[in-house]
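Asks: Okay, here's the structure, questions in a sec.
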Amino acid sequence: MQSKRYHIQVNTDVHALLNSVAYFARHFVPDDITLTEISTVTSELAYNIIKYAGNGTITLSCSDSKCVIEAIDSGTGMQMGIEHAFVEGRSSSGSLGLGMSSIVRMSDEFNLSTSDSGTCITCVKGY
């Protein structure tokens with residue numbers, strides 16, 4: 001499995017991340033639909049890092065059968081409760097409130113851990 005780590009702090013980091021993800025993952029991912037889902041999940045996670053934590057990292061690891069996307073931040077965690085984050089249309093930042101539920105739908109595996117010292121989300125997309 002090959003990996004790349006990206007530091008996320010500002011919107012331009014997300015733009016650079018998406019260009020790099022598309023280039024990097026293209027070597028492993030067999031179809032455009034899966035590549036788009038990986039890019040979308042990565043984008044949603046990156047923007048959440050900026051909105052809710054200020055900065056963090058995203059690591060993309062790909063093999064011949066799957067991509068693993070790991071987002072880690074050292075923010076204050078999901079203070080309103082994890083279940084709140086997955087209700088479509090509810091957002092603590094004034095957005096549409098569709099990001100987390102979309103991430104889960106596009107992932108084959110999803111794991112979240114959060115505390116007052118940060119959040120770690122790991123998504124797996126197989127192909």
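The values are calculated or read from the model by the stated rules, or taken from the named source; none is laboratory data. None of these values were measured; they are calculated from a predicted model. These accessible areas exclude ligands, DNA and RNA; they are computed on the full protein's heavy atoms, side chains included. Shrake-Rupley method; radii C 1.70, N 1.55, O 1.52, S 1.80 Å.
Asks: Which value, in Å² and to the nearest 10, is the accessible area of E37 when all protein chains are kept and the probe is 1.4 Å?
Replies: 50
Asks: Protein chains only, probe 1.4 Å: how do I121, I50, I33, I72 rank by accessible area, largest first? Kindly include the intermediate steps, with their values, before the conclusion.
Replies: Values: I121 15, I50 40, I33 125, I72 65 Å².
Heavy-atom accessible area, descending, gives I33, I72, I50, I121.
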